[in-house]
1. Which number do you get for Rg(Cα) / (2.2 N^0.38 Å) in segment 222-279?
2. Heavy atoms only, 1.4 Å probe, whole protein assembly: order CYS42, CYS456, CYS461 by accessible area, highest first.
3. Tell me which label goes with the value of Cα extents along the principal axes in Å computed from the coordinates here: (i) 73, 67, 49; (ii) 79, 63, 42; (iii) 74, 44, 41.
4. Provide the per residue accessible area, probe 1.4 Å, for segment 352-407, rounded to a whole number of square angstrom.
5. Does segment 111-209 come out rounded, prolate or oblate by the C-alpha gyration tensor, with a ≥ b ≥ c the root eigenvalues, rounded set by a/c under 1.5 and, if not, prolate when a/b is larger than b/c and oblate if not?
6. Above 16 angstrom, tally the Cα pairs of segment 365-404 and express them as a % of all pairs, no decimals.
7. When Lys and Arg each count +1 and Asp and Glu each count -1, what net charge do the other residues less than 9 Å away from CYS42, Cβ to Cβ, add up to?
8. Just name one of SER62, CYS28, MET366: the one whose Cα is farthest towards the positive end of the charge dipole of the chain (beta-carbon charges, Lys/Arg +1, Asp/Glu -1).
Amino acid sequence: MALTLPATAAVAAPGGGGGHGGGHGGGCENRSNNTYEKLLHCVMVGGVLEHLEEFQKIADNSDDPVYPGTRAAGTDGYADSVDYVAGLLEEAGYEVSFTDVEITFNFPAELEQLTPVAAEYETGVYTGSGSGEVSGAVIPVDLNLTGDRASTSGCEADDFAGLDLSGPADIVLIQRGTCTFGLKAQNADAAGAEAVIVMNQGNSPDREPLFIGDATSLDLEGTQPADYDIPVVGASFADGVALSQPGSTARVNVLPSETRTDRNVIAELPGKNRDNVVMAGAHLDSVIEGPGINDNGSGSAALLETALAMANLRPENTLRFAWWAGEEQGLLGSAAYVEGLPAAELDRIALYMNYDMVGSPNYIFMVYDADQSTFPAPEGVPIPEGSTAIEDVYESFYTAIGQPYDDTEFSGRSDYEAFILAGIPSSGLFTGAEEIKTEEQAAIWGGTAGDAFDPCYHQACDTIGNLDLFALDVNSDLIAFAMLTFAYSTESVNGVVGKQVPGRPFTLPEPAGPEGTFAEDGGGGLAHSHHAVA
């Protein structure tokens with residue numbers, strides 16, 4: 001291969017973290033970085049870290065009256081994140097626009113056990129929850145608290161058969177597992193419950209803590225909305241075990257939600273071909289538990305650094321970058337954006353690339369499995385023609401720099417969902433969330449077997465220290481590489497002939513192939529979505 005990659009991806013060692021300064025100096029901001037060598041020289045992990053440090057400061061300085069210390073949708077921290085990203089893009093010369101996104105803002109919930117012990121438990125409100133204060137008996141539903149703890153709790157109407165839910169304040173205790181939270185909540189409501197507590201499953205370390213998910217859908221694809229109006233809150237496995245004791249009573253309190261308006265940030269760089277748009281996006285919001293530096297400051301910062309380095313480019317195709325609102329509430333920002341585009345505008349989008357968690361501290365490199373070489377896509381999830389060509393670029397880059405990679409299920413469980421449903425070719429990168437790293441994976445990528453890919457996933461500890469800088473460095477290079485590749489030609493994706501990227505010609509190697517470490521797993525670790533599935 002004739003290409004020499006100057007980025008740290010080509011030379012750094014795992015755990016080394018790069019150690020370079022930001023990519024804003026050395027004339028990078030004043031020239032057209034129109035070759036791979038120029039662009040990858042300018043997209044440096046130090047520059048990405050500068051943005052992540054700013055996201056951390058935004059969270060630290062946020063005195064939001066409800067959720068300080070976060071960048072969650074509907075908070076001051078999110079609004080300040082929008083201002084930061086948009087301000088840099090406008091300064092760089094991009095055409096910046098905003099799309100309004102209505103989000104449901106949930107206030108902190110309360111979960112208190114009254115008998116046989118008195119205790120207050122950490123909790124949170126599931127997306128789609130109703131509101132109300134309920135004090136009454138806790139009624140366990142088909143729990144499995146021993147052995148393998150495999151659970152279908154609440155997935156079938158028959159799970160509630162024989163339970164006395166005739167009282168005015170019955171609180172059902174349901175265990176995570178198997179089906180969507182929306183289905184569990186709807187079944188509970190139909191059976192006569194007045195409130196639902198969803199305890200974590202407890203079958204692995206990542207399923208022990210408090211977990212809050214999306215209970216708006218009956219199915220994974222989100223095509224069947226759940227229908228219920230009772231409060232739904234979460235509990236850790238240990239707290240659920242305490243609540244499952246005979247004679248247990250509890251109090252659940254969920255305040256009415258508010259509808260608030262957030263904004264997507266869209267930045268466009270016109271190309272010679274205005275009708276062939278190359279698009280990439282990352283969600284900008286965190287969860288309410290913390291600042292969300294890996295999830296998804298990492299994708300947002302890497303994409304921002306790429307956009308800034310490409311600001312002076314005169315591309316063949318039009319480039320469009322997006323930072324989405326409300327992903328953690330159910331992919332709201334990306335869905336609102338796609339739904340708001342007329343058919344003619346959707347037809348202009350050649351492809352979409354998604355970057356959600358690209359610097360996990362216990363990482364493995366993963367690519368959305370568009371060619372289904374490891375995982376068949378879930379039923380109902382389309383894979384638009386051309387998606388495999390995007391996957392191939394990612395995999396060939398990893399191969400070129402000697403980094404092993406694996407597949408992660410093409411599930412639609414992040415912001416590319418709306419695009420593939422609209423028939424737009426898509427793919428993306430992922431370094432792992434709450435899935436546990438195996439011994440085999442640790443042998444290939446390093447890190448710690450038995451720990452989650454991101455041990456701070458959706459927790460307050462997802463801070464600036466919750467990153468692997470080598471993984472972030474490699475993927476920042478790859479994000480830039482892919483954007484420049486398609487900036488000049490999308491022929492492999494949609495047949496639109498463009499130009500060769502300027503600079504020394506080279507040919508990417510054929511992909512080496514996924515490592516296959518998820519051969520017996522159901523999804524390749526891609527469980528980081530809006531959490532409709534238990």
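1. Scaled against compact globular proteins, the figure is 2.24.
2. On the way: CYS42 0, CYS456 20, CYS461 55 Å².
Descending accessible area places them as CYS461, CYS456, CYS42.
3. Recomputing Cα extents along the principal axes in Å here picks out (iii).
4. On the way: 1410 Å² over 56 residues.
Here the per-residue accessible area is 25 Å².
5. rounded
6. More than 16 Å apart: 37 percent of the Cα pairs in segment 365-404.
7. 0
8. Of SER62, CYS28, MET366, it is CYS28.
The values are calculated or read from the model by the stated rules, or taken from the named source; none is laboratory data. Note that the coordinates shown come from a computational prediction; the quantities given were computed from them, not determined experimentally. Note: ideal-geometry Cβ built from the backbone for every residue, glycine included; neighbour counts use all protein chains shown. Note: areas computed on protein heavy atoms with side chains; ligands, DNA, RNA excluded. Shrake-Rupley method; radii C 1.70, N 1.55, O 1.52, S 1.80 Å.
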